[in-house]
Every structure is written in C-alpha cells, then in structure tokens.
Amino acid sequence: MIKFTVNGQPQTTDADPSSPLLWYLRDELDLIGTKFGCGKALCGACTVHIDGQAVRSCTLPLSTVDGRAVVTIEGLHPSGDHPVQRAWRAVSVPQCGFCQAGQIMQAAALLAANPKPTDAEIDQGMSGNICRCGCYQRIHMAVRLAATGV
Amino acid sequence: MLQFARTYTIENVSRRNLLKGFAFGGGLVLMARLLPEEARAAGMHEQQYATGSTGMPHGTVNDPHVFVAIAPDGTVTIIAARAEMGTGAARTSLPMIIAEELDADWSRVKIEQSVGNEERYGNQDTDGSRSVRHFLQPMRECGAAMRMMLESAAATRWGVDPSQVRARNHEVIDTSSGQRLGYGDLAAAAAALPTPPVARLTFKDPSEYRYIGKETVQIVDLFDITAGKARYGADHRLPGQRYAVIARPPVVGGKLVSFDAAEALKVPGVERVLAVQGWQPPGTKFLPVGGVAVVARNTGAAMAGRDKLKIVWDDGPNKTYDTDAYRAELQKAVAMPGEVVRNQGDFDAAAKSAAQVISAEYYIPHLVHTPMEPPSALVYVSDGKCEAWAPVQSPGGTRDDLAKLLNLAPGKVTLHTTLLGGGFGRKSKCDYVLEAALLSKELGIPVQVQWTREDDIRNSFYHAVAVERIEAAVDADKKVIGWRHRSASPSIITTFKAGVEHQAAFEVSMGLVDVPFDIANIRCETGAAPAHTRIGWFRSVYNIPHGFAVQSFVAELAHALGRDQKDMLLELIGPPRVVDLRQTVAKDMFWDYGEPWDSYPIDAGRLRNVAEVAAKEAGWGRTLPPGHGLGIAAHRSFVTYVATVVEVAVAPDGTISVPRVDTAIDCGFHVNPERIASQVEGAAVMGLTLAKYGNITFKNGRVQQGNFDDYQMVRIDESPKVTKVHIVPHPYEVHASGVGEPPLPPFAPALCNAIFAATGKRIRNLPVGDQLKT
Ligand code: FES
Ligand code: FES
C-alpha cells in the first residue's frame, strides 16, 4: 500500500510500486494536465511538485512518493491564478501549449526556491524543459515578470 | 491590450521598393501599388480575389449558418473547423475575422471545435500555411453576412428601413430613433433569414478594425493551457477504455514473423497482447505499418509490457538502408546531369565564357518533427459506428481514412479534433488514429494508442535528406552570368507510389526552380534519389534544403568576389519586378503553392524589401565583439517573403550562441500580429535546433536516434537571446499569404553565414554539430 496526497487529497493505492507516478496521475486520477513528452526525464513535460520540489513524474516510481505531497498543475492554485500562471498569460507565452504545464510547474518551483533569479539562473533553472514550438523568449520574460513584476 | 513589451514592430514600407506591375484578381492589372490610405479610398477591401482554396478538396464555406450561433443571452459561438496546433490560426485568428466583421464583442465570443466534416465546413487540412490565406475572405464574408442578417432582423422588428440600422459592438442601433437591441434579442430572427449573397455584402472599413491587425486579442485557450485544463490527444476518457502501445517493425517495409508475449503478460495491468494489421509502403498512404500491441489498464503498464516482448521481424527490402552510403549516392547523382526542371538561357555557354566558375555542395540530413505531444488517439468502434478523439492536422481526411479502413459510411464516423501539441507536418498523417481504430474494432472497447518518443523518432515519415550542388559562372567584371543548381533528394511521392526517383513539381518549386535571381542563364536539375524509408512533410518541407544551399551559396559568392553578403544578395535578387517562371520552368514543374499566379506572383521587390528591413533593423555592418558575426538570408516560401539576420557568437572552444535575431516578414495583409511574432520567434528556435543538432541517421534500415538525448532540441539556455520580428504591413489589397512555415527556411543559412563571418569556417554540411569544436 502506498499512501500520499495529490493536490491535498489523500490517495491509497496498491498499484505496481515500480510504475511511474505520471501514469497514476493521468490514467487513474484523470489529472490530464501533466503531460507525457519523452518518458526519460529529458523534456520536463511531466513536471509536478513533490514536497515543493519540481520532479519528473515520468521516471519516478510510485513507491518513492509514499508519505509525500504531490501537486500537479491542477493543484498549483485553486483558481489557476498562481503568479507564474498570471505572468504566463500576461506575456501570451504558449503556442501549442503542450509543454506549458511542465514549464509553469518548473518555474513555480524555481521561484519558490529563488524568488529573484538572475537571467542566467532563469536559463539554468528552466533548461530541463523543452518547448518544441520555441516559446523560450517569452518563457524567460514570464519568469522574470513573475519574479519582479516587470 | 497585452501588458508586455512587444517582441515585434510593424515596419513602414518604403515607396522605393514598390512595384509598378501588380497582379490582382482574375487578370494582370497594371497599377501603382497603393499605400494603405490610398487602398482604402479606392475601396480595395471590398473586392474579392482568387486563391488556391478552390483547388483544395471541398474548397471553402462562408455561410454563417454553419459557423456562427448566437444564444439569447448574446453569447456568440464561432465554430473552429481547422486544427489548432499552436499557430493560433484555427481557434483564434479565423474566428477573430468573423468577430471583426460581425462587430461582436470578443469577450462574449466562445469557440467550439467542429468535428471532421469537409462537406459542411470546407477544407480542414491544416497544412501549407494556408489557413488565413484561404479563409480570410470566407470568414469576413461570414461575419459580414451575419451582421447584415442581424441588421435586417432589427429593421423588420422596428418596421424601419434597413439602411438606417447599424450593428455596433454586439448591438443593433436604429440611427434615427436611437433605439437598440442586443445581438441575443435578434438572434432567432436573424438565424431564420437566408444568407445574403456575397455581392450584397458590405465590409467594415479597415480603419474601424478592432481586432484585425491589432493586439487586442489573446489566444482563446490561454487560460486552459496555463491551468492544465486544455485537452490534447491523450486527454479524453471513455468508460472501459484501455491503453495501448505498439511495437512496430524497426525497418520500414518490414513485417512481423512471430512474437512471444509470455513475459509481457506478467506485467501487472497488462491485459492483452495481439498482432496489429500492417501495410508495407510504398502506396499505402497513411495506413499503419502494423506490429504487436500491448493493451493495459494504464499507459505505463502497456509500455512496461512492451519492453518484455520477444519479437522476430522480417526486415524486408529496406534492411540495408544506410544514410552514409546514401549520401555518397546522392553526391554521385549531383555530379552528373539530372532531369532538367528549369532552363533559362544557356548555362553551359555561360560557364564556357566565364572568367571563373564557383561551386559548392551542401548536405542536409533527414529530420523528424518531434512535436512535443507524441502521436496518440482514442477510438471507439462499436455498433457499426466509430467515434475518435485525435490531434490531427486533417480532421476531414482522417474521418474519411477511418471510414475507408473500417468499411463504414463517412457519416458513421465522428472525428473530434483535440488540440494538437504541435504538428509540424507529422500529424497530417493519421496512421496512429487508424491503429487505435483497428485495436478498438478487434477488442470491442475504446482504445487509446500512445506513441512513445522512441516510436515517434523511429517510425515516422521523415523529412527528406538532400545533397545540393550549385555552380555559378562569373564574368571578368565579377558579375554572375550563370547559375546551375542540382538537387538530389527523395520525393514525398515515394511514400504514395512505387518507382518515383525525382522530386515532384511541388517539391522543386520550394526554393529550387523558383530562385528569383536576376541572372541570365539559370539551369536547375534533379538527380535520381530512390527512397528507402517513408518520406513526409516537415514544416517548410523542401524549402529547408533548397533554401539552405541557395542562401549559403550567395554568401559564398560574396566572399569569393570580395563583396558584402547583403549587397550580393540584393544584386542577385535584382530590381523590383515580377519574376515570371512560367516560360523557363519545364512543363508542369512550377507550382506556386497551389495559388493562382495572378494573385500571388513572385515579387522580387518584396524579397528585396524584407532583406533590407532585416538588415537595417539588425544594424547590418555594425562593429561586433570578437568572435561574433552577422549572417543574412532571404527566402520566399508559401507565397510569403522572409529575411533573417542572425548574430552569432562563437566561443574559443567552438560553442555557438545567438545573441540576436532580426526577422522581417511580409505575409501581405496581416490579421494577428502577436501570433505572427510568436511563429517567427518559434521558427528561430526550430531553425537553430535543426542547424545545430538535426540529424536522423539510418544503419541497417533502422533509425539510430531515439529520444531527446540523441535527437537534441535547443533549450532555453542556448536559444536565441533576443528575436525581433519586423512585420511589413500591407493593405487588404496585398493578399494575405501565410506564416506557419515561411520563417523557418532562412534561419539555418543566416546562421551559417554568420558563423563564416565570425570564424572563416564555412558549414556546408548540416548539422553544425561539433564541426566548430577546437
Ligand atoms: S515526459 Fe517526463 S521529462 Fe519528458
Ligand atoms: S508551446 Fe508547444 S511545445 Fe511548448
């Protein structure tokens, strides 16, 4: 039995402990905001928070979340208005949008740990997340906007 | 209004570049090109013009009864019939055009995605940068017709003459009495009216636009995307559905011999393992290649099960495909005369009389799209019906392919287009939807097929590999008097038909035969290039290799002749004029992106202008820090003109970075400048990715790459630091062209020209990889 919380809701499962968290979130809980992009911790599309840290759920065995708190994009803010989400809208970041939940979760964790990152720290902190549409210029602007208001 | 610093500017068109001969409507009309205010005064925005939409299956539809529904509370629902893959065209820009002419309040507009049904909505194949080009007119007509129906309903209600009522921002006003009614109050009466004929429609004066050409509208899915609520191909759920992944033949044309599922079936959650029917190309269109499916209670279990399969394949005729050997074959092909596709003047005579002949050969490898969302689809076949949810570029085509596969009438198939997590041409092939249909039919339950990234990279329809060889004859005055370009690259037609060895008209017309240079003697040839894998569309298609070669070679000529890159480029483009290829290109080998020539001629003046705008904005000629260089490239594709200046910085160890990109785009009349800018910004990243890393290689018929570790993408820390977009504005009279693809082709040559300026090292073979490493 693995016990943990997802977006504050207690979960108990006897699913295969070696199976990745991503598929439990998507296929058992229907939390479809977390995306599958590579399955190998290479793209960041599946990023969630575990005890506040950004983690790639596609390679994370369920067993490792036992006793911990998982937050997905759906639980980042009750009305979807986390400062990072608001900044993303102000800058019109997305193109196709598929990578954006992962980008936003990564940025939120980055700013929680480092509220005033330098430009180089933004680049470094966000470099695990691929955007094939190439929205990086606006992602950078949005992270800076969320951090500094400009 | 958006709150952020814009990433783009709207450039003034200088009169200097304007062309006198301008094609318009059904025939060539000679007239001075008009400035926006003059065009307005002339009422140009009222006139219709021909587009290639009439040559597309099911053409276009402009009927508001099809696209617009107004609820009693005034909510205007606009149908988005094309696929939304990130350009914003389908779900934001086209509906915006309707809302503009309808004079609707955008905050009261809702967008509903249609099912695949081209008989009802017109062509839905979202490809070829055509959405705004083909649907600007019908969407305006649709909005204007709906507005006039509302006005007419109000006039009847009030018993007044229709000429004295006016629709304005979601209300109709009686200009004599001042009484007003909301669109919701008039909706039922207006909807009951017949659609007025196009000839009777009146359009807004462009000076009154509130949405078109403005930055007042953001993409409609912005909130859902950022809140994690937007639904893509794998995000729909049906009761009792199962999740499947498929092991496919590792070599195109291969077949399943046998498999052992014992270990796979032991994985918790795995329920079934079964063979899936497959077809071996060529000639199989988008039919899947077959393989072994693992069906499970969740996607992770299906993947884990697939890892445990033991499969024996018969690799078939392509098992020796090796891209190193193939490259040598293509090099041999361009070393000898090929099929002549354009012949103007006499290149051989020019070469004989030349003071020098300069030549260079370029290599552009296979690429694969890797949209962030790998292919996936949910399909339920039951009771003689089929319902599917899928991220497809061609919803109508997919519905028809499903119907054909399942032997159902098209009316029995419902295809819901989800959002696409990127397309780039991959999702114009619906093989993954057909796979889910085969499995659902076999199992009698809803099945969602998920492709892994490895599947996406190893079982795709690849961008064609190419070898391009260009020779220029130069006279004693250093004037280029002859140009011969040979291209050897497998055709996309090879996927559809056996025995094809040369590029087709639509392929050679993407940057080979349509080179708009002012050179007396031009000869273009294609070399034989039989295909050994599936070749398919990739964003910008053959413009990538052809444009890379042509625009790199221009800079090589500049260097050889002691000229500035930009000056050389402008000299070769020559004076503003229409470049009419119809006499010099071999019969049926010129294709103007499916557009009528008179509406979209090749205009050298517009190509010059974008080059000049990009150069000016980039500060061409400015002093740069050591290790930096500027490169320029200009290319017309999809009837749009784009020029890019890249500033590169090459570190002492050979690492490249891009401090700045300036791109000028002339896409005619523009609808959504904010989304145009986002496409151009994105193309700079995709261009850098393909130039730096893009390389799909085959050994023993198998793709050697598999995921983002060995098929790398540019990430935020290496992406261009600043991309500035300069939009060349035009009045409605200069027909809207297209934006999704045209910004990509100039990037790689501009980058490599910049690398040469910085280092003196010429990159002729893509990707750059570690060629600069010291
Ligand atoms: S899907 Fe997890 S990092 Fe790519
Ligand atoms: S917005 Fe499409 S992948 Fe990032």
Look at the stretch B:742-766 and say how many of its residues are open to solvent by 20 Å² or more (accessible area, probe 1.4 Å) and touching a strand residue (DSSP E or B) at 6+ places or on another chain (Cβ under 9 Å).
8
Which strands (runs of 3 or more DSSP E) does the stretch B:398-481 wholly contain that include 1 or more residues that are closer than 30 Å to B:G562 by Cβ?
B:466-474
Can you name the residue in the stretch B:267-291 that is more than 14 Å from chain A (Cβ to nearest Cβ) and more than 33 Å from the chain's Cα centre (by Cα) and is also nearest to B:T533 (Cα to Cα) among such residues?
B:A275
In the stretch B:558-609, what residues are over 29 Å from B:P729 (Cβ atoms), open to solvent by 50 Å² or more (accessible area, probe 1.4 Å) and out of contact with any strand residue (DSSP E or B) (no Cβ under 6 Å at 6 or more places or on another chain)?
B:H559, B:G562, B:R563, B:R582, B:Q583, B:K587, B:D588
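Could you go through the stretch B:152-166 and let me know if any residue there is touching a residue at least 40 places away in the same chain (Cβ under 8 Å) and more than 14 Å from chain A (Cβ to nearest Cβ). Spell out how you get there, then give the answer.
Going through the stretch B:152-166, the residues touching a residue at least 40 places away in the same chain (Cβ under 8 Å) turn out to be B:152-153.
Now restrict to residues that are more than 14 Å from chain A (Cβ to nearest Cβ): B:152-153.
Within the stretch B:152-166 (the criterion being touching a residue at least 40 places away in the same chain (Cβ under 8 Å) and more than 14 Å from chain A (Cβ to nearest Cβ)), the answer is yes, since at least one residue qualifies.
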Search the stretch B:253-282 for residues that are within 20 Å of B:Y432 (Cβ to Cβ) and pair each with any residue that is surrounded by 18 or more Cβ atoms within 10 Å (Cβ to Cβ) and among the basic types (K, R) when their beta-carbon atoms are under 7 Å apart and the residues are at least 6 apart or on different chains.
B:P281/B:R534
With respect to B:T195, is the statement that it is modelled with pLDDT under 95, surrounded by fewer than 20 Cβ atoms within 10 Å (Cβ to Cβ) and either in contact with a strand residue (DSSP E or B) (Cβ under 9 Å, 6 or more places away or on another chain) or not acidic (D, E) (or both) true?
no
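Out of curiosity, is B:A144 closer than 25 Å to B:G55 by Cβ, within 14 Å of chain A (Cβ to nearest Cβ), surrounded by 24 or more Cβ atoms within 10 Å (Cβ to Cβ) and touching a helix residue (DSSP H, G or I) at 6+ places or on another chain (Cβ under 7 Å)?
Working: closer than 25 Å to B:G55 by Cβ: yes; within 14 Å of chain A (Cβ to nearest Cβ): no; surrounded by 24 or more Cβ atoms within 10 Å (Cβ to Cβ): yes; touching a helix residue (DSSP H, G or I) at 6+ places or on another chain (Cβ under 7 Å): yes.
Answer is no for this residue.
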For the stretch B:172-185, check the following and say yes or no: at least one residue is more than 10 Å from chain A (Cβ to nearest Cβ), polar (S, T, N, Q), touching a residue at least 40 places away in the same chain (Cβ under 8 Å) and open to solvent by 50 Å² or more (accessible area, probe 1.4 Å).
no
Does the stretch B:51-110 hold any residues that are of a type in the set (F, W, Y) and either within 16 Å of ligand 2 (Cβ to nearest atom) or open to solvent by 10 Å² or more (accessible area, probe 1.4 Å) (or both), and which are they?
B:W106
Failed criterion for B:E674 (all others in (1) in a helix (DSSP H, G or I); (2) touching a strand residue (DSSP E or B) at 6+ places or on another chain (Cβ under 7 Å); (3) among the acidic types (D, E) hold):
(2)
Flagged in the stretch A:39-89 as basic (K, R) and open to solvent by 40 Å² or more (accessible area, probe 1.4 Å), in numbering order, are A:K40, A:R56, A:R68, A:R86
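Taking the stated definitions as given, is B:L256 surrounded by fewer than 22 Cβ atoms within 10 Å (Cβ to Cβ), over 30 Å from B:F496 (Cβ atoms) and modelled with pLDDT of 95 or more?
Working: surrounded by fewer than 22 Cβ atoms within 10 Å (Cβ to Cβ): yes; over 30 Å from B:F496 (Cβ atoms): no; modelled with pLDDT of 95 or more: yes.
Answer is no for this residue.
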Please identify the pairs in which a residue from the stretch A:90-110 that is more than 7 Å from chain B (Cβ to nearest Cβ) has its Cβ atom under 7 Å from the Cβ atom of a residue that is within 14 Å of ligand 1 (Cβ to nearest atom) and of a type in the set (D, E, K, R), counting only partners at least 6 apart or on another chain.
A:G102/A:K35
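Going through the stretch A:109-132 one residue at a time, which ones are closer than 25 Å to B:F708 by Cα and open to solvent by 10 Å² or more (accessible area, probe 1.4 Å)?
Listed by number, the residues that qualify are A:A109, A:L110, A:D119, A:A120, A:E121, A:D123, A:Q124, A:G125, A:S127, A:G128, A:R132.
The values are calculated or read from the model by the stated rules, or taken from the named source; none is laboratory data. Keep in mind it's a predicted model, so treat the numbers as computed, not measured. Please note: Cβ atoms are built from the backbone with ideal geometry, for glycine as well, and neighbour counts cover all protein chains shown. All accessible areas refer to the heavy atoms of the entire protein, side chains included, with ligands and DNA or RNA removed. Shrake-Rupley method; radii C 1.70, N 1.55, O 1.52, S 1.80 Å.
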